[in-house]
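See structure below.
Derivation of every value follows stated rules applied to the coordinates shown; laboratory data play no part. If you're wondering where the values come from, they're calculated on a predicted model, not measured in any experiment. Cβ placement follows ideal geometry from the backbone for every residue including glycine, while neighbour counts extend to all protein chains displayed.
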Amino acid sequence: MSVQVVSAAAAAKVPEVELKDLSPSEAQPQLALSTAAVSAMAPAAGGGDPEAPAPAGERPPAPGPGSGPAAAALSPAAGKVPQASAMKRSDPHHQHQRHRDGGEALVSPDGTVTEAPRTVKKQIQFADQKQEFNKRPTKIGRRSLSRSISQSSTDSYSSAASYTDSSDDETSPRDKQQKNSKGSGDFCVKNIKQAEFGRREIEIAEQEMPALMALRKRAQGEKPLAGAKIVGCTHITAQTAVLMETLGALGAQCRWAACNIYSTLNEVAAALAESGFPVFAWKGESEDDFWWCIDRCVNVEGWQPNMILDDGGDLTHWIYKKYPNMFKKIKGIVEESVTGVHRLYQLSKAGKLCVPAMNVNDSVTKQKFDNLYCCRESILDGLKRTTDMMFGGKQVVVCGYGEVGKGCCAALKAMGSIVYVTEIDPICALQACMDGFRLVKLNEVIRQVDIVITCTGNKNVVTREHLDRMKNSCIVCNMGHSNTEIDVASLRTPELTWERVRSQVDHVIWPDGKRIVLLAEGRLLNLSCSTVPTFVLSITATTQALALIELYNAPEGRYKQDVYLLPKKMDEYVASLHLPTFDAHLTELTDEQAKYLGLNKNGPFKPNYYRY
Ligand code: NAD
């Protein structure tokens with residue numbers, strides 16, 4: 001695999017962008033947008049005035065070009081630091097954000113984070129208790145869900161099927177003495193003997209994660225993460241394993257816990273433990289186990305983390321609460337989830353963030369892949385797995401023609417379904433028309449459609465009245481963030497009978513015998529009932545790896561104690577690392593063209609406000 005890195009070329013100043021808040025009433029914490037300092041990873045940048053990434057509204061002095069092992073290993077041509085621009089974040093997305101695992105967060109003007117839109121707003125809370133761990137959690141204790149761990153740590157998250165789902169070994173991994181084949185016992189997984197199965201899962205994932213594999217190759221000589229001690233808390237899946245092994249290949253030492261008590265693939269955790277990674281995670285942890293695992297990652301004699309990779313903010317929170325002194329050595333935090341990112345902004349706003357943090361959730365490539373491409377692939381998967389249905393000729397109504405709706409419509413149209421769209425926004429509505437879909441009101445088609453799919457991020461889009469009018473066997477599901485889009489609560493009335501026909505599939509039966517097929521009780525269909533394509537996760541994992549390298553190698557002062565968005569150039573680099581998979585050939589700007597467009601030949605190619 002070859003990733004083309006071109007050397008610095010004609011300098012061209014990229015105009016600085018400042019977006020004004022669209023809605024003053026929805027004031028929010030200012031976000032720092034850094035586009036600087038990617039030289040450690042990015043293809044060598046051309047000219048332009050190098051600037052430090054700036055917290056919103058500030059213009060710090062320019063740091064020098066990136067240097068050090070990362071730059072040497074991964075940026076063959078001597079590159080200058082790409083241009084940075086400070087930007088106030090006015091993207092409405094930021095006030096109204098999706099949780100990866102369902103749920104959505106709102107930031108109020110005072111910086112409070114609430115989940116939304118729900119009837120009762122729930123403040124996201126941190127756990128600050130439980131330093132003492134139960135020795136033997138009861139079975140009930142193990143199952144009980146905590147209100148004090150983040151939502152993402154308890155929501156179910158589906159990934160590849162686990163070989164170990166049906167395991168009847170009830171012994172808690174905490175009570176087992178296990179060693180890997182090299183004699184190390186510095187891990188806690190369900191069963192180390194499953195390592196070989198896990199290795200195969202990891203090998204399959206590697207095939208769909210070309211960018212990480214390319215990074216491994218490119219960093220064979222220099223190790224941009226040499227000396228990095230990364231403590232991680234993410235879903236432990238085959239894709240995470242590919243990331244961890246890449247970080248290892250780049251020189252990092254890692255210790256890892258799961259960010260979700262259900263999502264760990266036991267055999268993958270075993271494979272990682274077998275190859276020497278201290279992993280503390282298994283499927284079906286109790287809350288006590290959850291914090292115990294995190295603690296085992298950080299509370300180690302002779303080892304102190306200097307980087308954090310978090311998904312949900314629980315790990316970061318734990319270190320803040322229990323080991324605040326550790327932050328003296330920590331160089332940065334990389335956070336993936338909406339929830340975790342908002343926690344970081346809260347800390348920042350309160351002046352309590354003591355290290356730089358990277359928000360990878362809002363990177364352009366990640367957003368695009370999560371919303372449009374992921375849903376285009378997984379809508380069919382989710383419907384197929386739950387209903388075995390045939391799509392050809394079926395009448396489908398998709399509510400909302402945003403990124404997710406566009407993905408769903410495209411997939412269903414390609415399968416021969418007749419697709420109707422509902423929209424409230426005339427621009428998206430017109431897009432639907434231009435794409436060949438009939439724009440309707442839900443009432444107009446509700447009696448005739450075979451499938452109803454909501455993708456609006458709104459509430460009560462499908463009401464009881466709609467549900468009453470649907471035809472027999474109509475399938476109803478949701479691809480939006482939470483279960484508020486379909487008024488499922490209105491179906492829990494005495495005259496209706498609920499029949500569980502499969503996992504995640506309910507028949508709701510009316511007194512006259514009519515039944516609808518409700519999938520995942522109105523929660524996100526794809527995350528509940530299908531898998532997320534590895535390629536989508538590859539984008540996220542590559543972004544995480546680059547963010548870690550960037551923060552770890554950044555010279556003193558480049559990043560302050562603030563939350564940064566990924567530099568656009570890094571986003572472009574993530575994309576470029578995935579291109580060779582498709583034998584895609586990118587056109588290079590000529591010097592003349594670059595000058596004409598006012599661009600640096602090596603990017604960034606778009607202003608920050610550009611919507612892809
Ligand atoms: P978006 O804002 O791009 O699109 C939502 C669209 O719904 C908008 O165009 C809006 O005008 C329209 N809409 C709002 N209320 C409506 C109503 N009552 N009737 C018809 N249309 C209405 O957002 P998006 O990126 O497409 O995401 C949509 C939802 O899906 C969000 O909740 C998001 O969190 C979630 N999401 C899910 C996945 C997944 O994997 N399932 C991935 C990404 C995002």
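The phi torsions of the range 286-301, fed into the Karplus equation with coefficients 6.51, -1.76 and 1.60 and a -60° offset, translate into couplings of 7, 5, 4, 4, 3, 6, 4, 4, 4, 5, 5, 7, 9, 8, 10, 6 Hz, rounded to whole numbers, with Gly and Pro shown as x. With both labels modelled 7 Å from their Cα along Cα-to-Cβ, the Q593 to R611 distance reads 2.7 nm. For V396, the shell of other residues with beta-carbons less than 12 Å away shows a net charge of +2, using +1 for Lys and Arg and -1 for Asp and Glu.
Label sites at D512 and K193, each approximated as a point 7 angstrom past Cα along Cα to Cβ, lie 5.8 nm apart.
Here the 3J(HN,Hα) profile of the range 468-485, calculated from phi with Karplus coefficients 6.51, -1.76 and 1.60 at θ = phi - 60°, is 5, 8, 5, 7, 4, 6, 5, 9, 10, 8, 10, 10, x, 5, 9, 8, 8, 5 Hz, Gly and Pro shown as x. Summarising the label geometry, the points placed 7 Å from Cα in the beta-carbon direction at L579 and W498 lie 5.1 nm from one another. Relative to one another, the C-alpha centroids of the range 473-515 and the range 544-612 are positioned 45 Å apart. Count Lys and Arg as plus one, Asp and Glu as minus one, and take only other residues whose Cβ is under 13 Å from that of T497; the net charge is then 0. Between C354 and K176, take the C-beta separation as r, use R0 = 41 Å, and let me know the FRET efficiency to the nearest 0.05. Taking R0 as 41 Å, the efficiency between C354 and K176 is 0.65. On full extension, the segment bounded by Q220 and L439 gains 73.5 nm, given 0.36 nm per residue less the C-alpha separation. Measuring between their Cα centroids, the range 432-456 and the range 253-329 lie 45 Å from each other. I want the local charge near K514. Using Cβ-Cβ distances under 15 Å, sum +1 for each Lys or Arg and -1 for each Asp or Glu among the other residues. Combined, the nearby Lys, Arg, Asp and Glu give -2. Taking amide H positions as modeled 1.01 Å from N, with prolines and chain starts lacking one, the residues under 5 Å from Q395 and 5 or more places away or on another chain are I418, D450, I451.
Across the range 391-407, computed HN-Hα scalar couplings (Karplus, 6.51 cos²θ - 1.76 cosθ + 1.60, θ = phi - 60°) run 8, x, x, 6, 8, 10, 10, 10, 8, x, 10, x, 4, 5, x, 4, x Hz from first to last residue, x flagging Gly and Pro.
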